[in-house]
Amino acid sequence: VKRWAKRIGLVVAALLVLLIAYGAWRFRHPALPAGTKLLASSPAASGDVTVRFMGTTTLAFSDGHNTVMIDALLTRPDMRAVMFGTVQSDPAIIADVLQRASLDKIDLLFVSHSHYDHAMDAAAVAARTGAVVVGSASTQQVALGGGIPLSRTRIVKGGETFAAGAFKVTVIRSLHSPGDRIPGTIAAPLHQPAKASDYKEGGTFAFLIEHNGQRILVHPSANFVTGMYRGVRTDAVFLATGGLSLQPAKFTQDYWRETVEATGAKLVVPIHWDDFLQPLDQPLQPLRIFLDDIPQTMTRLDVLTARDGVKIRYMPVIAPVALGAAIKSGE
Ligand SMILES: [Zn+2]
């Protein structure tokens, strides 16, 4: 009996070790797949578009005269603050990133939806740069709670077009990636510090940015409305990849058909793949495996890129990328 008890004890101990090892493996940051290519960094000539990426879906497009920005997460609070505490825009981080990105004046700040990882720094960025905040009624409450006057907010439903100099931006109704953990709307001005879960989704949009004949699409959440890009042609898609691994492979194929195939884009720039619980001053790492298996998503996308002759290129962080050269790299 003693021998059996010992054996059972050993088996249980071995299983525990395996379980812990598996947990640690799932908690780790994976590497991006070998062969991942970054777009080369160089500013565009004046009048041409320079793109900058500040992690997750935060992007800025400038032509030396005007700037439009998509989403605003620069503070990137850590896991403890997001899960158990409150989040609050960090003025020092925001000032530093905006300065490094040469973003002193922004015309329009479009917010794709009101989750904190897209919207939490929208008011702070708009306050520093004079931007008009464009988004859902929930996004307007985020802006108002952060002290942005009503006159510098615009509520959209999809289909609206905005201009800033040579930029023309069309708002397109989309859907949040499946399994939205914080659905609903924000009904009153949202003041910080706030719980991450106070940032309810409020409706999701994608954006078509046109500038002197160049057209690019920013698609910040990995879902779609069938036919949403009917009649839209683009040179490049900044494509959200977060959450795709949690769906069957078929979903990624449908997503690709509706966003990349439908628009004829030859360049796909993945966004929303990095672990936004890590600060921006550290190298970006893919989301932890237990949250989202980004390498698996990239493997699924590789099949589609090869089939359709599309190139996948990642953005460097904050460094300027000339949009024209980026588009050429997809040709
Ligand atoms: Zn979201």
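The values are calculated or read from the model by the stated rules, or taken from the named source; none is laboratory data. What you see is a predicted model, and the numbers here were worked out from it, not measured in a lab. Cβ coordinates were reconstructed from backbone atoms using ideal geometry, including for glycine residues, and neighbour counts include every protein chain displayed. Accessible surface areas use protein heavy atoms only, side chains included; no ligands, DNA or RNA. Shrake-Rupley method; radii C 1.70, N 1.55, O 1.52, S 1.80 Å.
For this structure, a couple of remarks:
- Given (1) surrounded by 24 or more Cβ atoms within 10 Å (Cβ to Cβ); (2) outside any loop (DSSP other than H, G, I, E, B); (3) within 16 Å of the ligand (Cβ to nearest atom), index of the condition ILE216 fails: (3)
- Residue under evaluation VAL260, criteria (1) at negative phi; (2) in contact with a Gly (Cβ under 8 Å, 6 or more places away or on another chain), criterion not met: (2)
- Filtered by the rule that a residue be without any contact (Cβ under 8 Å) to a residue 12 or more places away in the chain and part of a loop (DSSP other than H, G, I, E, B), segment 74-84 gives no residues.
- Contact map, segment 289-305: residues that are more than 16 Å from LYS37 (Cα to Cα) and open to solvent by 40 Å² or more (accessible area, probe 1.4 Å) paired with residues that are charged (D, E, K, R) and assigned to a helix (DSSP H, G or I), Cβ distance under 6 Å, separation 6+ or inter-chain. Pairs shown: PHE290/ARG26.
- Given (1) modelled with pLDDT under 85; (2) open to solvent by less than 80 Å² (accessible area, probe 1.4 Å), index of the condition ALA34 fails: (2)
- Some residue of segment 194-202 being closer than 22 Å to MET69 by Cβ and part of a strand (DSSP E or B): yes
- Picking from residues in segment 96-122 that are free of Cβ contacts under 8 Å to residues at least 60 places away in the same chain, open to solvent by less than 30 Å² (accessible area, probe 1.4 Å) and part of a helix (DSSP H, G or I), the one that is farthest from the ligand (Cβ to nearest atom) is LEU98.
- Among the residues making up segment 290-320, those that are of a type in the set (S, T, N, Q) and more than 15 Å from HIS272 (Cα to Cα) are THR299, THR305.
- Residue in segment 177-197 that is open to solvent by less than 20 Å² (accessible area, probe 1.4 Å), away from the ligand (no atom under 16 Å from the Cβ) and in contact (Cβ under 8 Å) with a residue 60 or more places away in the chain present: no
- Yes/no for THR241 being of a type in the set (Val, Ile, Thr) and either open to solvent by 10 Å² or more (accessible area, probe 1.4 Å) or within 16 Å of the ligand (Cβ to nearest atom) (or both): yes
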